[in-house]
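Right, one structure below, let's go through it.
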Amino acid sequence: AARWWLDNVYQGDNAVQLTPRAVVTGMMIGGVMSISNLYVGLKTGWGLGVTITACIIAYAVFKFLEVLIPAYRRRPFSTLENYTMSSAASAAGYMSSAGLVSAIPALYITTQQTMDWWQMGLWLAALSTLGVFMAIPLKRQLINIDQLPFPSGIATAETLKSMHSEGGEAIVKARALFASGIIGAAVAFWRDAFA
């Protein structure tokens, strides 16, 4: 499995992937997405995947920055950087689903007991730690050995390839997604604030 990855996926030591701008962008977009995920989760009881949306938003933001800042034109936001950003955004975005939209509301509904902020913090820290440490052996078994296809990962990879190869069309779609998000947020705010 490692040899296959080296022959078919690895892009060389000079390929830019883990950069401060990718990580910081992922944390910022993921933070916003976690709030929207929390809102949707509490309304519907279902957490949403944030990876593809975060990829599209980051792509649009960096294409916009390339127009404004010459340094970004010299070193554009790469596919691998976008992938790193999506990992950080996904981690932050799914934080809201780690009990905040399932276990803690269920506890309140069944016992009418509320948790203090520090209790929720300990719960989320324990779940996050468990998730990080379980990800390593699960990834080795499910991806490296069994080579199982994961639909969300495949969809994210196809989205990234499409965006970074078809720039003009991807920008139009990213702008449409961004405009739709702003309109949706305005409608939800208007409904909740004035209805």
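The values are calculated or read from the model by the stated rules, or taken from the named source; none is laboratory data. Note that the structure is predicted; figures quoted are calculated from it, not measured. Every residue, glycine among them, receives a Cβ derived from its backbone with ideal geometry; neighbour counts consider all protein chains shown. All accessible areas refer to the heavy atoms of the entire protein, side chains included, with ligands and DNA or RNA removed. Shrake-Rupley method; radii C 1.70, N 1.55, O 1.52, S 1.80 Å.
Filter the stretch 163-195 down to the residues that are of a type in the set (D, E, K, R), without any contact (Cβ under 8 Å) to a residue 12 or more places away in the chain and either assigned to a helix (DSSP H, G or I) or closer than 13 Å to Val61 by Cα (or both) and list them by number. Listed by number, the residues that qualify are Glu169, Arg191, Asp192. Restricting attention to the stretch 140-160 and to residues that are under 18 Å from Tyr59 (Cβ atoms) and touching a helix residue (DSSP H, G or I) at 6+ places or on another chain (Cβ under 7 Å), the residue that is most open to solvent (accessible area, probe 1.4 Å) turns out to be Ser152. Looking at (1) among the small types (Gly, Ala, Ser); (2) surrounded by fewer than 16 Cβ atoms within 10 Å (Cβ to Cβ); (3) under 22 Å from the mean Cα position of the chain (by Cα); (4) not in a helix (DSSP H, G or I), find the lone condition where Gly12 falls short. Every condition holds for Gly12 apart from (3).
Please go through the stretch 161-193 and give me each residue that is open to solvent by 80 Å² or more (accessible area, probe 1.4 Å), of a type outside the set (Asp, Glu) and over 17 Å from the mean Cα position of the chain (by Cα), ordered by number. Once the filter is applied, which keeps residues that are open to solvent by 80 Å² or more (accessible area, probe 1.4 Å), of a type outside the set (Asp, Glu) and over 17 Å from the mean Cα position of the chain (by Cα), the stretch 161-193 yields Ser165, Val172, Lys173, Arg175, Ile182, Ile183, Val187, Phe189, Trp190, Arg191.
A Cβ distance below 8 Å, combined with a sequence gap of six or more or placement on separate chains, defines the contacts here; from the stretch 90-108, residues that are more than 14 Å from Gln119 (Cβ to Cβ) reach residues that are surrounded by 20 or more Cβ atoms within 10 Å (Cβ to Cβ) and among the hydroxyl-bearing types (Ser, Thr, Tyr) in the pairs Ser90/Thr51; Ala92/Ser34; Gly93/Ser34; Gly93/Thr51; Tyr94/Ser34; Met95/Ser34; Ser96/Ser34.
Per-residue answers, yes or no, for (1) surrounded by fewer than 20 Cβ atoms within 10 Å (Cβ to Cβ); (2) modelled with pLDDT under 85; (3) in contact with a helix residue (DSSP H, G or I) (Cβ under 8 Å, 6 or more places away or on another chain); (4) not hydroxyl-bearing (Ser, Thr, Tyr):
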{"position": "Glu66", "(1), (2), (3), (4)": "yes, no, yes, yes"}
{"position": "Ser78", "(1), (2), (3), (4)": "yes, no, yes, no"}
{"position": "Ser96", "(1), (2), (3), (4)": "no, yes, yes, no"}
{"position": "Met120", "(1), (2), (3), (4)": "yes, no, yes, yes"}
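Mind checking which residues of the stretch 87-124 are of a type in the set (Gly, Ala, Ser) and outside any helix (DSSP H, G or I)? Within the stretch 87-124, Ala98, Gly99, Ser102 meet the criteria. Here the condition is being modelled with pLDDT of 85 or more, open to solvent by 60 Å² or more (accessible area, probe 1.4 Å) and in a loop (DSSP other than H, G, I, E, B); of Leu18, Leu48, it holds for Leu18 alone.
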